[in-house]
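Undergrad: Have a look at the structure that comes next, please.
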C-alpha cells in the first residue's frame, strides 16, 4: 500500500512540475493561425488542402477563413442566394470537406463573415441596397447597425455557417467601418453616441452567436485605435484581434495588449504576411512586424492571450505558388517566438521545398529578392513605393522625379536559370517564383525605358509610334504569361480582379495599348510635363 501511495505521489509531482515548466507556446489553447482571404481570390480545393498540409507540418492549429467582403461571398449561402457571390464560390458540401480535412490535421477552421463594414456583398444587391449606411463614394461602407433587418440577415448567415464549422470561434469582422449616412442611423445618433450604437450592435450579434455556442471574434481597429471608448462598452466575452501590419515597436504592442487584457477581454494578435504595402512579393521589412508581435505575445504570460494569427491579404496580388518561402519564414518566426532572421529559414526551405543543395548563390538570390522588393500602395516610404505606370499623371511624375530603381533582379534571374536543373521538387513552384522575379524586373525596366525614351528627345511621331508599339506588345506578352500562371489553382478569371491582380498590371497593359493606338496623346503628355 505504501509503495502504491509513493508511486501515486511521484506521478502527481511529475505532472505538477511538467505543468509548471510548460511554456506559453505549449499551452493547448495557444493559437498559431493563418488567415485565408477567399473573397479576394477564391482558390481551388486542392490548393487549400495543400496549404493545410503545409500549415500542419509547421505547427499551425488554426485557420481563419474569410468568406465575405465587398467583392462578394466566397460561399454560396443557401439561406440567402440573392447575395452578391464571387465567381467560384464554394458550396456547403465543399466547405464541409475543407473543414473535415483541416480537422483531421488538427487545425480548426474559423469562419469570418463581414457583419458591419466591408459589406458590399450585401448592399450591392437590389434587395438590400437600402441597408447601405456608408457615405456615397467612400472606399469603405457599412450596413446599418440600427436596422432590425440587418441584424436578422446576419443571424441567418451565422446560423447557416455554424452548422458547417463546428469549432468554438466565429469571426464577425467589423473593421474599417464607415457608417452613419443612412436616415435610421442619423436618427439614432441624435439620442446616442456613435460608440454606444457601435457597441450595442456588436453586443447584439455576440448574443446571437452565444445561442449557437460560438465565441465571437472582432477586428480591433475601432475599439483599440480609433474610437477607444467602444472598448468600455463591449461584452467582455468577445475576443479582440489586434491587427496591425506596420508596428514594430514592442513597447507599443505590449501596451495595446495590456489595455485589452486589463479590461478582461481575451486577445489575439494579428500581424501580416502579405498586405497592401506589397504586391508581387513581400519585402524583408515585413518580418520586423511579425517578429515584434511574436516576441511580445510569447512573453505576455496571461491566459487570456489566445495567440497569433498571420493575416495574408488579397491573393490576387501575387502568383499563388511563388510565396512558399515567405510562408516558411513566417512560420519559423512564430515557432521561434520572434527574434528570428528571415535568411535563417532559407537553407532548409531550398533543400526541403526545391530538393536542391543550398549554396552561396541561393543565399544571394533570396537576399536580393527580399531586400530589393519595393513597397506598393500602402507603403510608408514614398521613395520606396513603386507601381507600373498606367496613367498620364504617373508618366509625368516619373519624368519629373527622374528616379531609377536600383535593381539587381537580372542577376537573380541568371542565378535562378542556372539553378533550374538542380530543382527536383515542386518544379511548378520554382517556375512561378522565377516568373515573379522576371515580372518584377520587367516592370522596373519598363520605367527605366520610359525615362530613356524621354531623355533621348526622339519626339517625332515615327519614333513615338515605334516606342509605344513595342511597349504595348511587350506588355501584352507579359500579361498573357502572368495570366496563364495566375489561373493555376484559382477558381475565377484574373480579369475579375483587375484592380489588384499582379501590381494592377492589367491596368498598365491596357493603358500602353491605348497609347499605342493614340500616340498623339503620349506626345501631349510629354509636352505638358
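Undergrad: Pairing the Cα long axis of helix 250-262 with the longest principal axis of the chain, what angle in degrees results, from 0 to 90 and rounded to the nearest 10?
TA: Taking Cα atoms only, the helix is inclined about 40 degrees.
Undergrad: Extension gain residue 452-residue 425, at 0.36 nm per residue separation less the Cα-Cα distance, in nm?
TA: Length difference between fully extended and current span is 5.6 nm.
Undergrad: Work out the P(r) tail for region 16-166: percent of alpha carbon pairs separated by more than 23 Å, whole number.
TA: Taking all Cα-Cα pairs of region 16-166, the fraction more than 23 Å apart is 43 percent.
Undergrad: So how far, in whole Å, is the C-alpha centre of region 91-150 from the one of region 200-265?
TA: If we compute the Cα centre of each part, the gap is 19 Å.
Undergrad: Given 10 Å bins starting at zero, what is the percent of C-alpha pairs of region 215-366 in each, up to the one with the largest pair distance?
TA: Cα pair-distance distribution for region 215-366, in percent: 11, 37, 31, 15, 5, 1.
Undergrad: Here's a follow-up. Sorted by average packing, counted as other Cβ atoms within 10 angstrom per residue and highest first, what order do 454-465, 130-141, 209-220 take?
TA: So the order, starting with the most tightly packed, is 209-220, 130-141, 454-465.
Undergrad: Just need the relative contact order of region 361-527 here, percent rounded to a whole number, with Cα pairs under 8 Å and 6+ apart.
TA: 28
Undergrad: So how tilted is helix 286-298 from the main axis of the chain? Cα-based, degrees 0 to 90, rounded to 10.
TA: Between the helix axis and the principal axis of the chain, the angle is about 10 degrees.
Undergrad: Here's something else I'd like to know. So for region 24-343: antiparallel DSSP bridges make up what percent, rounded to the nearest 5?
TA: Rounded to the nearest five, the antiparallel share is 10 percent.
Undergrad: Which entry in [x] 184; [y] 163; [z] 176 matches volume of the Cα convex hull per residue in Å³ derived from the coordinates of this structure?
TA: From the options [x] 184; [y] 163; [z] 176, the structure gives [x].
Undergrad: What value in Å³ per residue do you get for the convex hull of the alpha-carbon atoms in region 389-496?
TA: Residue-normalised Cα hull volume stands at 126 Å³.
Undergrad: Then there's this: Computed on alpha carbon atoms, what radius of gyration and Dmax characterise region 54-113, expressed in Å?
TA: 12.8, 39
Undergrad: Same structure, new question: Using 0.36 nm per residue of separation minus the Cα-Cα distance, give me the extension gain between residue 367 and residue 152 in nm, one decimal.
TA: 72.2 nm
Undergrad: What does the extension gain come out to for residue 481 and residue 251, with contour length at 0.36 nm per residue minus their alpha carbon separation?
TA: Net length gain for the segment: 78.2 nm.
Undergrad: Modelling each spin label as a point 7 Å along the Cα-to-Cβ direction, I'd like the residue 462/residue 200 distance in nm, to one decimal.
TA: 7.6
Undergrad: Let me ask something else. Against the longest alpha carbon principal axis of the chain, how many degrees, from 0 to 90 and to the nearest 10, is the axis of helix 324-335 turned?
TA: 30
A short reminder: the numbers here are calculations on the coordinates, not readings from a lab. Please read all numbers here as calculations on a predicted model, not as lab measurements. Heads up, the Cβs are rebuilt from the backbone with ideal geometry, glycines too, and the neighbour counts pull from every protein chain shown.
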